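The numbers here are math on the coordinates, done by the rules we state, and not lab data. This one's a predicted model, so the numbers in the text were calculated from it and none came from an experiment. Note that we place each Cβ from the backbone using ideal geometry, even for glycine, and neighbour counts take in every protein chain shown.
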Amino acid sequence: MENEIGPTGPKLPDPPRFPQPTLLSRVTVVGFGLLLVALLIGFLWQQSREIYGVVRPIQAYATYLKDHGAKTGVPAKAPTGVVGTDGTPYTLEISGEPVYLIAFDQREQKQKDDLKAIRLSRSVMLNDKPRPAKINGDLVLVGYDGRADEEKLVRAFAEFNQ
């Protein structure tokens, strides 16, 4: 006859088994996790593309102007509807007055077409009025006309190398 007392005390019955997840539920959980990872990577890719492709040239131009004696502020995204184009508009305060820099992503066909139209017309709609525009690579400068420092701004923009 076998003794029911083990080395650490009385032998307890085996705990009840919990139901195990099915293969389908395991695959569903893994698939959902992979979907979340893919969405996160896509989001981060888009954000880095905007930061390095758009914000960096705008910030570099602001720094370039500051290095050449201009009193510039920090570039900020322009309010929606101020600039009538598909590019990404930024406002840059120079000597207390705003100018607009529009960054274009040539990989997007609509923005590529808009930049081509600006090259041809040499103007951009700013607050529903056509204003002269200067182009340097993927950047467009608008709102410089009629300023006391217009000549300096245009020359600095033309010399700026992205």
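Would you please give the FRET efficiency between Q106 and I41, computed as 1/(1 + (r/R0)^6) with r the Cβ-Cβ distance and R0 = 22 Å, to the nearest 0.05?
Working from the Cβ atoms, E equals 0.40.
For the chain, set up a Gaussian network in which alpha carbons nearer than 10 Å are linked by springs, and say which option among P132, P13, P75 fluctuates the most.
P13
At q = 0.19, 0.20 Å⁻¹, what log₁₀ I(q)/I(0) does the chain have when each alpha carbon counts as one equal point scatterer in the Debye sum?
Rounded to two decimals, the profile gives -1.18, -1.28.
Please work out the FRET efficiency for the pair R147 and K116, using the Cβ-Cβ distance as r and a Förster radius of 22 Å; give the result to the nearest 0.05.
With R0 = 22 Å, the Cβ-Cβ based efficiency is 0.25.
Which whole-number percent is the relative contact order of the chain (Cα, under 8 Å, 6+ apart)?
Averaging sequence separation for qualifying contacts and normalising by length gives 15 percent for the chain.
Over 28 Å between Cα atoms, which of K77/K152; K110/K134; K77/K134; K129/K152; K71/K112 qualify?
Flagged as over cut-off: K71/K112.
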